[in-house]
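Colleague: Take this structure first; my questions come after.
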Amino acid sequence: MSEDLYQEIILDHYKNPRGKNVSIDALAESYQVNPTCGDEITVEIGQNTDGTLLVSYDGQGCSISQASASVMSELINGKTPDEAAPIQEAFMELMKSKGQLEPDEEILEDAIAFAGVSKYPARIKCALISWMALSDAQIKAELTSTTTTRNG
Amino acid sequence: MFDVKKLRADFPILSRTVRGVPLVYLDSGATSQKPFQVLDAERYFYENSNAAVHRGAHALAEEATDAYEGARQTIASFVGANVDEIVFTKNATEGINLVAYAFSNATDKARQGIDVDQRFVLNPGDSIVVTEMEHHANLVPWQELCAKTGAQLKWFGLTDDGRLNLEPGVIDSSTKFVSVVHQSNLLGTINPVREIMDMAHAVGALGMVDLCQSVPHMPVNVHDLGADFAAWSGHKMLGPTGIGILWGKSDLLNVMPPFLSGGSMIEMVHMDQSTYAPAPQRFEAGVPMVAQAIGLARACDYLTNLGMQNVFEHEQELTAYTLEELAKIPGVRVIGPTDMHARGSAVSFVVDGIHPHDVGHLMDAKGVAVRVGHHCCWPTCRRFDIPATTRITTYIYNDKSDIDQAIAGIKSAQEVFGSPIAVGA
């Protein structure tokens with residue numbers, strides 16, 4: 001049943017978004033829009049003095065897109081690019097899995113709640129939009145991982 | 001009045017299940033379902049008379065040509081048009097582009113000193129007028145045309161209840177063309193197109209009406225619209241995809257530069273130049289969509305048998321019921337007219353705290369197919385300060401039980417999200 005899509009974790013992140021619209025010293029930003037539905041997201045990226053990533057986002061859209069952005073910011077904030085890369089890869093893999101993949105909670109934490117989304121082709125883009133913006137912003141800010149090649 | 005339960009048997013798809021529950025199809029504004037009579041008409045053509053039309057001397061070519069031109073006659077009669085005023089296009093979008101390109105091509109030619117009809121020539125300072133409730137198909141082609149010619153795009157704004165604000169001064173002496181939607185696909189508003197076309201003609205401009213959401217749902221006589229052009233699609237009125245209609249006054253069609261050029265649309269061809277056939281052939285280059293034309297004509301017959309006034313009254317009753325039931329749910333707001341005055345069957349709404357995509361997704365879980373998004377009316381959504389809506393659209397095969405299912409679906413979405421919801425900033 002479709003209600004499975006709306007797990008508590010997703011509804012919680014939707015109603016109480018983490019890391020949204022936080023003021024950071026941004027090195028780059030990426031604006032992404034889904035023209036079929038009008039979902040919009042802007043991800044800003046910066047770097048702490050210890051080399052870890054600073055992520056902020058703003059946007060509007062459905063619960064899946066907004067909750068995914070909230071989870072993404074929680075997972076990526078404070079990680080080095082090399083630490084972030086496997087998380088980003090794992091999330092991409094999960095979205096491509098058509099519901100056939102058991103997500104690794106060690107890596108993905110709250111993001112495992114999006115496993116059900118991969119069964120609905122029309123909603124995968126909703127879940128991915130903030131992660132795409134993150135990857136794009138990282139490239140612009142030259143804050144990508146040096147050890148892994150990602151396809152994000 | 002017709003018997004909905006009985007006619008539903010003509011639509012094979014309506015008996016299927018989705019997500020394990022019976023399908024409730026409330027997305028006919030996007031595309032209608034097809035009765036077997038339309039499917040059979042196409043199949044019969046392919047099995048019995050298939051040939052390229054307007055060429056060949058063999059029996060099949062003659063039969064195919066007769067069927068194709070007969071379809072044009074049926075479709076013309078359906079909207080009170082003359083047969084040579086009906087141009088087959090791929091869809092309504094192409095019909096609108098065909099007219100936009102007539103202006104663009106005439107303007108290009110005029111700038112090279114070629115003699116063209118001045119009504120289609122645009123100069124900087126000229127204006128084109130649309131409205132803030134246009135489908136992108138009746139907005140973007142005019143933006144493009146303005147960008148190419150230096151003309152300016154103007155528009156009528158909307159009132160808070162989703163009506164046109166027909167303020168004076170939008171159409172003025174600079175106006176060369178006015179294009180408006182008859183019934184909004186997002187708001188459901190039925191616009192006073194005759195009045196607007198009269199305003200256009202009073203300043204010497206030409207006018208066009210987008211009939212995509214009106215021809216399928218109410219009696220329309222194209223000559224009564226007061227317009228010079230009109231366009232609509234076949235697939236929203238029980239017909240196949242891949243066919244639309246451009247209606248135009250013959251004296252205009254025959255002086256417009258061609259849109260797509262090539263075979264079938266010519267009169268004489270030499271190595272250095274050609275002359276063109278009169279309309280409608282002038283605008284039907286290449287082997288056309290014969291089976292689709294036949295299918296669409298069969299769809300017109302189907303609707304004629306029901307009676308378009310009956311179709312209109314049936315949907316008016318369903319729309320009134322939809323508005324009544326939506327009004328009973330706390331946190332649901334209709335975008336567009338909330339009364340039945342000059343209102344068609346597209347009903348858009350937003351639910352407090354739940355994005356339209358989520359509403360649509362949870363309605364789908366109950367088997368209810370509705371449209372979500374900006375409905376190709378992004379500026380209209382922006383006007384109402386909303387990102388998107390959920391939209392219910394009905395047709396001949398829907399009844400009140402379908403609306404009840406939709407209402408139950410909306411309530412289930414509110415339950416999942418825990419209503420009322422205060423969403424964080």
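Colleague: Kindly indicate which of B:57, B:81, B:61 is among the aliphatic types (A, V, I, L, M), under 18 Å from the mean Cα position of the chain (by Cα) and either over 30 Å from residue B:184 (Cα atoms) or modelled with pLDDT of 95 or more (or both).
Modeller: Matching residue, one of B:57, B:81, B:61: B:81.
Colleague: Before we move on, is residue B:331 more than 14 Å from chain A (Cβ to nearest Cβ) and either in contact (Cβ under 8 Å) with a residue 60 or more places away in the chain or hydroxyl-bearing (Ser, Thr, Tyr) (or both)?
Modeller: yes
Colleague: Which of the numbered conditions does residue B:180 fail, given that it passes all the others? Conditions: (1) within 22 Å of residue B:102 (Cα to Cα); (2) surrounded by fewer than 21 Cβ atoms within 10 Å (Cβ to Cβ).
Modeller: Residue B:180 satisfies every listed condition except (2).
Colleague: Assigned by TED's automatic domain parsing to the domain that holds residue B:177 and within 14 Å of the chain's Cα centre (by Cα): does that describe residue B:255?
Modeller: No.
Colleague: Being farther than 23 Å from residue B:305 by Cβ, part of a loop (DSSP other than H, G, I, E, B) and within 14 Å of chain A (Cβ to nearest Cβ) narrows it down to one of B:30, B:57, so name that one.
Modeller: B:30
Colleague: Among what's in region B:279-304 and is buried (at least 22 other Cβ atoms within 10 Å of the Cβ) and β-branched (Val, Ile, Thr), pick the residue that is nearest to residue B:263 (Cα to Cα).
Modeller: Looking at the filtered set, the residue picked out is B:290.
Colleague: Which of the following residues is farther than 18 Å from residue B:359 by Cα, away from chain B (no Cβ under 14 Å) and crowded, with 19+ Cβ neighbours inside 10 Å: A:44, A:89?
Modeller: Only one candidate qualifies: A:44.
Colleague: Okay, moving on. Across region A:58-69, which residue is nearest to residue A:19 (Cα to Cα) among those that are surrounded by 24 or more Cβ atoms within 10 Å (Cβ to Cβ) and either touching a Lys or Arg at 6+ places or on another chain (Cβ under 7 Å) or more than 10 Å from every other protein chain (Cβ to nearest Cβ) (or both)?
Modeller: A:69
Colleague: Could you grab me the full set of residues in region B:348-374 that are more than 8 Å from chain A (Cβ to nearest Cβ) and either free of Cβ contacts under 8 Å to residues at least 24 places away in the same chain or of a type in the set (S, T, N, Q) (or both)?
Modeller: Listed by number, the list holds a single entry, B:348.
Colleague: Among the residues of region A:17-37, which ones are of a type in the set (A, V, I, L, M, F, W, C) and more than 9 Å from chain B (Cβ to nearest Cβ)?
Modeller: Within region A:17-37, A:22, A:24, A:26, A:27, A:28, A:33 qualify.
Colleague: So how many residues does region A:28-41 have that are buried (at least 17 other Cβ atoms within 10 Å of the Cβ) and under 23 Å from residue A:85 (Cα atoms)?
Modeller: The qualifying residues number 4.
Colleague: Another question, if that's okay. Which one of the conditions (1) within 14 Å of chain B (Cβ to nearest Cβ); (2) among the basic types (Lys, Arg); (3) more than 18 Å from residue B:357 (Cα to Cα) does residue A:96 fail to meet, given that it meets all the rest?
Modeller: Among (1) within 14 Å of chain B (Cβ to nearest Cβ); (2) among the basic types (Lys, Arg); (3) more than 18 Å from residue B:357 (Cα to Cα), residue A:96 violates only (1).
Colleague: Here's a follow-up. Specify the residue that is farthest from residue B:214 (Cα to Cα); the eligible residues are those in region B:78-109 that are small (Gly, Ala, Ser) and touching a helix residue (DSSP H, G or I) at 6+ places or on another chain (Cβ under 8 Å).
Modeller: Within region B:78-109, the match that is farthest from residue B:214 (Cα to Cα) is B:106.
Colleague: Would you point out the residue of region B:410-419, among those that are touching a residue at least 60 places away in the same chain (Cβ under 8 Å) and of a type outside the set (Lys, Arg), that is farthest from the other protein chains (Cβ to nearest Cβ)?
Modeller: By that ranking, first place goes to B:410.
Colleague: Is it true that some residue in region B:376-398 is polar (S, T, N, Q), within 14 Å of chain A (Cβ to nearest Cβ) and within 28 Å of residue B:15 (Cβ to Cβ)?
Modeller: Scanning region B:376-398, I find at least one residue that is polar (S, T, N, Q), within 14 Å of chain A (Cβ to nearest Cβ) and within 28 Å of residue B:15 (Cβ to Cβ), so the answer is yes.
Colleague: Just one of the numbered conditions (1) part of a loop (DSSP other than H, G, I, E, B); (2) out of contact with any helix residue (DSSP H, G or I) (no Cβ under 9 Å at 6 or more places or on another chain) is not true of residue B:47; which one?
Modeller: (1)
Colleague: Has region B:330-348 got any residue that is under 20 Å from residue B:161 (Cβ atoms) and in a helix (DSSP H, G or I)?
Modeller: No, because not a single residue in region B:330-348 is under 20 Å from residue B:161 (Cβ atoms) and in a helix (DSSP H, G or I).
Colleague: Give the number of residues within region A:72-110 that are within 15 Å of residue A:42 (Cα to Cα) and of a type outside the set (Ser, Thr, Tyr).
Modeller: 1
Colleague: What number of residues within region B:184-205 are crowded, with 23+ Cβ neighbours inside 10 Å and either in contact with a strand residue (DSSP E or B) (Cβ under 6 Å, 6 or more places away or on another chain) or not polar (S, T, N, Q) (or both)?
Modeller: Summing the residues that are crowded, with 23+ Cβ neighbours inside 10 Å and either in contact with a strand residue (DSSP E or B) (Cβ under 6 Å, 6 or more places away or on another chain) or not polar (S, T, N, Q) (or both) in region B:184-205 gives 8.
Colleague: Can you confirm whether region A:3-16 contains a residue that is touching a residue at least 40 places away in the same chain (Cβ under 8 Å), within 10 Å of chain B (Cβ to nearest Cβ) and either touching a strand residue (DSSP E or B) at 6+ places or on another chain (Cβ under 9 Å) or among the basic types (Lys, Arg) (or both)?
Modeller: no
The values are calculated or read from the model by the stated rules, or taken from the named source; none is laboratory data. Nothing here was measured: the structure is a model prediction, and the numbers come from that model. All Cβ positions, even for glycine, are placed from backbone atoms using ideal geometry, and neighbour counts span all protein chains on display.
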